[in-house]
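What follows is one structure encoded as structure tokens, with my remarks underneath.
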Amino acid sequence: MGRSLILIIGTLFSLLTLSPIIIEAQFVGYPTIDVAPKGEAKWTSLVDLTKAPKVAIRTLGVCDPNDQFCTWSCNKCAKPEDFLKCPTINDWALTYDDGPSPFTPVILDHLKAKDLKATFFVTGSRVMSNPDILKRIAKEGHQIAIHTWSHTPLTTQTSEVIIAELKWTEQIIKEVVGITPVWYRPPQGDFDDRTRFITKSLGYKTAIWDLDTFDWKSNLDPTFDLNWITGNFTEWVKDKSSGHMSLEHDLYEKTANMAPKAIDIVVAAGFNIKTVASCNNLSPYLETNTTGTTTGTTTGTTTPKSNQYGTNSPSSSSTNTLSSPSNKSSFATKNNNNFFVGIICAIIFSTIFF
């Protein structure tokens, strides 16, 4: 009896530590987690790259002072087709980047309690690691949008890789929840005329933000005061001259735990909380009328296809700033560590007791 009990405990522990690997194994043929994928001819052919603006691939953090192109990450240049905020006064889009993560449910629980909908810009790598959380996001009616596969700044990549970053993420979202997002956000807000051409050719709408919490810094800087997040929201809600689109991150435990407080501040100020798509009166998905159910079924009102772009250009006083969440491989590393721990435990149990 004693040996049987120990065997059961050892087996359960091994299964728990191996579970992330088992989850990832169900997605066959996808790129390596947190690694920029290679170009895929089947997707590259969707874009006529001969017509793309001749913008050089950029070195991250290096901006050409003589740049003649509209590069958001260097000069905060935006075009009419870039969505930076909700266009209607008193509308507010809460957006969360880099998930889904084990900490996303903290935000989902609060949104559900308040009967609110938000927008989650997800990476393909995190979807592979946490598919069930993505299913919950969809089931509860939140908007799901693309945030690339590896979270690599787009202007530093070849056009072929940019296309693969987007399409692999689109594909895994479709596989998990049955819907095809038409909205995306470039990692770190890094995009230019070349990436605009590519994403427009693929049918994506670009969403940025006008209010940045810089909450990602809390994962890197131990002196970061989390109260800055709520302090910013307290000041931001005083501005009712336009609608807003705020940026937070659900990848980290600290930032996810602060999100409910920020939500309450916006609600108390009387703003209408909407998704990015709904505040712009546009569809969130390729499938018409979808609201984000796991089956991709259609409900709601059809958005005219002719209404493709907004005019949410930033003012000179916009608070948009390049953010730089860096350690996106933490969950993948943890999964690999768990795998080896599980193997070692299984070997130890079998050696000692059998």
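Matching residues to (1) in contact with a helix residue (DSSP H, G or I) (Cβ under 7 Å, 6 or more places away or on another chain); (2) in the same structural domain as Thr123 (by TED's automatic domain parsing); (3) modelled with pLDDT under 95; (4) within 20 Å of Arg126 (Cβ to Cβ):
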residue: Ile172; (1), (2), (3), (4): yes, yes, no, yes
residue: Val176; (1), (2), (3), (4): yes, yes, no, yes
residue: Arg185; (1), (2), (3), (4): no, yes, no, yes
residue: Gly189; (1), (2), (3), (4): yes, yes, no, yes
residue: Asp193; (1), (2), (3), (4): no, yes, no, no
residue: Lys200; (1), (2), (3), (4): no, yes, no, no
residue: Trp209; (1), (2), (3), (4): no, yes, no, yes
residue: Thr213; (1), (2), (3), (4): yes, yes, no, yes
Restricting attention to region 53-97, report how many residues are small (Gly, Ala, Ser) and assigned by TED's automatic domain parsing to the domain that holds Gln157.
3
Considering only region 198-229, state which residues are surrounded by 17 or more Cβ atoms within 10 Å (Cβ to Cβ) and out of contact with any Ser or Thr (no Cβ under 9 Å at 6 or more places or on another chain).
Leu202, Tyr204, Ile208
Write out, first by first residue and then by second, each pair whose Cβ atoms fall under 6 Å of each other, whose residues are 6+ apart or on separate chains, and whose first residue, in region 104-123, is within 13 Å of Val267 (Cβ to Cβ) while the second is of a type in the set (Lys, Arg).
none
Residues (surrounded by fewer than 16 Cβ atoms within 10 Å (Cβ to Cβ) and either in contact with a strand residue (DSSP E or B) (Cβ under 9 Å, 6 or more places away or on another chain) or closer than 23 Å to Ala207 by Cα (or both)) located in region 247-259:
none
List the pairs whose first member sits in region 162-176 and is within 20 Å of Ala41 (Cα to Cα), whose second member is modelled with pLDDT under 95, and whose Cβ atoms are under 8 Å apart, counting only residues at least 6 apart or on separate chains?
Ile172/Phe27
Are there any helices (runs of 4 or more DSSP H) wholly within region 215-287 with 3 or more residues that are within 19 Å of Gly99 (Cα to Cα), and if so which?
253-268
State all residues of region 149-184 that are of a type outside the set (Gly, Ala, Ser), more than 14 Å from Gly39 (Cβ to Cβ) and in a loop (DSSP other than H, G, I, E, B); if no residue qualifies, say none.
His151, Pro153, Ile179, Thr180, Val182
Index of the failed condition, Lys85 passing every other in (1) outside any helix (DSSP H, G or I); (2) charged (D, E, K, R); (3) out of contact with any His (no Cβ under 9 Å at 6 or more places or on another chain)
(3)
Pairs where the first residue, in region 249-270, is touching a residue at least 40 places away in the same chain (Cβ under 8 Å) and the second is of a type in the set (Ser, Thr, Tyr) and assigned to a loop (DSSP other than H, G, I, E, B), C-beta under 6 Å, 6+ apart:
Asp250/Ser101; Leu251/Ser101
Might you check whether a residue that is basic (Lys, Arg), at pLDDT 95 or above, in the same structural domain as Asn257 (by TED's automatic domain parsing) and more than 22 Å from Leu60 (Cβ to Cβ) occurs anywhere in region 120-134?
no
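The values are calculated or read from the model by the stated rules, or taken from the named source; none is laboratory data. On a predicted model such as this, the values are computed, not experimentally measured, just so you know. With ideal geometry, Cβ positions are generated from the backbone for all residues, glycine too; neighbour counts draw on all protein chains shown.
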